[in-house]
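The next block holds one structure in the form of structure tokens; read it before the comments.
The values are calculated or read from the model by the stated rules, or taken from the named source; none is laboratory data. Predicted model only: the values in this text are computed from it and were never measured. Virtual Cβ from ideal backbone geometry, glycine too; neighbours counted across all protein chains shown.
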Amino acid sequence: MKKDMFLCDQQIMQWQTDGYLLLKHSIPHALIEAVRQQFAHMVDNIIRELQVEGLIQQDGSDLPFEERLHTVAGNYANRFGRSWRQQVLGQPIYDLYRTPALVSAINQITGTDVIGHPVFNARPKLPGQQLTVVPWHQDSGYFGSESEQALIPTVWIPLVPVDSTNGCLQLVIGSHRRGLLTHHTEVQEGQFLEVMDRFIDESKIVTCPMEIGDALLFHNLTLHRSTAHTNNKTIRWAIDIRYLRDGDDGGSVYWNDPKFKWVISSQTQPITSFEEWLSKW
Ligand SMILES: O=C(O)CCC(=O)C(=O)O
């Protein structure tokens, strides 16, 4: 392995063949904690709003982050959506994208400067909640057919330990080589896009339990889903972030300035500051 390169040759080969990589112990715990704090502010706002409306009495400020939203807001949590972006913008998200291990891995698999894609999602998955059960899909299903030739790697990062009982991710090995498949809007309340089960090769499904500090890197054409949370009263908190191979089409325009490019690492292009990044939302 060359100096400063996070991925070894075997991992690069696995990326090409399988369309995903589990990066163990790649995110510093202090950064995970900062992201959790950022999400906790949103939980504060939700609980305050429900109290003002007289829908709940307790604020549960003594409860751990893993339990508070579920225990205090219960089914009212659905009102605040299945994923958050604008609500949690801040330095921790900007810093997460700049995590050295991720920047190195993305540089290695794209072969270009490291560019941030604007689509990220903070995802609280509450126990027993149907709204956040995500069916089989490829991220390019959302980005449109122009993105089929693009490389838009996703990094999925749990903020609590995850396994098959609390909604960890499942992937279909090698599915990124199948091209963009047909997606339909599901009939469930989440109204996610889905690839029907009959197009999934069950023998290729891999379930990905993960610990805090781990990151799951996958291709925009890799089929994946997150299963139901059937376990206990703790929330499965996660965040998924995305990068873009420099020069590729990242899909629809998400920034308020269509020409904006979020440069995270480069020898030749100016690096985007936190203030500039924040001003583009
Ligand atoms: O976190 C989840 O439950 C689903 C994540 C997902 O499907 C994605 O990041 O594309």
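Let me confirm something: among LYS233, LYS259, which residue is out of contact with any Pro (no Cβ under 8 Å at 6 or more places or on another chain) and either part of a loop (DSSP other than H, G, I, E, B) or of a type in the set (Phe, Trp, Tyr) (or both)?
On the way: LYS233 fails: out of contact with any Pro (no Cβ under 8 Å at 6 or more places or on another chain).
None of the others qualify; the one that does is LYS259.
So which of ILE152, ILE157 is under 13 Å from the mean Cα position of the chain (by Cα), in a loop (DSSP other than H, G, I, E, B), more than 9 Å from the ligand (Cβ to nearest atom) and in contact (Cβ under 8 Å) with a residue 40 or more places away in the chain? Step through it out loud before you land on a result.
Values: ILE157 fails: in a loop (DSSP other than H, G, I, E, B).
Criteria check complete, one pass: ILE152.
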Quiz prompt | GLU49 being part of a helix (DSSP H, G or I) and out of contact with any Ser or Thr (no Cβ under 7 Å at 6 or more places or on another chain) | solution = yes
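Restricting the range 228-264 to residues that are among the hydroxyl-bearing types (Ser, Thr, Tyr) and crowded, with 17+ Cβ neighbours inside 10 Å, which is nearest to ARG85 (Cα to Cα)? Let's see the steps before the verdict.
First, pick out the residues of the range 228-264 that are among the hydroxyl-bearing types (Ser, Thr, Tyr): 230, 234, 243, 252, 254.
Restricting the remaining residues to those that are crowded, with 17+ Cβ neighbours inside 10 Å gives 234, 243.
On the way: THR234: 22, TYR243: 16 Å.
The qualifying residue nearest to ARG85 (Cα to Cα) is TYR243.
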Self-check item: Which numbered condition THR272 misses (of (1) modelled with pLDDT of 95 or more; (2) assigned to a loop (DSSP other than H, G, I, E, B); (3) within 15 Å of the ligand (Cβ to nearest atom))
Solution: (3)
Quiz item: How about the range 58-149: which helices (runs of 4 or more DSSP H) wholly inside it have at least 2 residues that are within 16 Å of the ligand (Cβ to nearest atom) and among the aromatic types (Phe, Trp, Tyr)?
Solution: 139-143
Quiz item: So which of ASP214, ASP201, ASP240 is within 9 Å of the ligand (Cβ to nearest atom) and either in contact with a Pro (Cβ under 8 Å, 6 or more places away or on another chain) or touching a residue at least 12 places away in the same chain (Cβ under 8 Å) (or both)?
Solution: ASP240
Quiz item: Looking at this structure, is ILE27 assigned to a loop (DSSP other than H, G, I, E, B), surrounded by 16 or more Cβ atoms within 10 Å (Cβ to Cβ) and β-branched (Val, Ile, Thr)?
Solution: yes
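Identify, from the list VAL103, VAL119, VAL134, VAL88, the residue that is in contact with a helix residue (DSSP H, G or I) (Cβ under 7 Å, 6 or more places away or on another chain) and within 30 Å of SER265 (Cβ to Cβ).
On the way: VAL103 fails: in contact with a helix residue (DSSP H, G or I) (Cβ under 7 Å, 6 or more places away or on another chain); VAL119 fails: in contact with a helix residue (DSSP H, G or I) (Cβ under 7 Å, 6 or more places away or on another chain); VAL134 fails: in contact with a helix residue (DSSP H, G or I) (Cβ under 7 Å, 6 or more places away or on another chain).
The conditions single out VAL88.
Consider the range 4-24. How many of its residues are surrounded by fewer than 17 Cβ atoms within 10 Å (Cβ to Cβ) and not in a helix (DSSP H, G or I)?
First, the residues of the range 4-24 that are surrounded by fewer than 17 Cβ atoms within 10 Å (Cβ to Cβ): 4-5, 8-10, 12-14, 16-17, 24.
Still in the running and not in a helix (DSSP H, G or I): 4-5, 8, 24.
Selection size over the range 4-24: 4.
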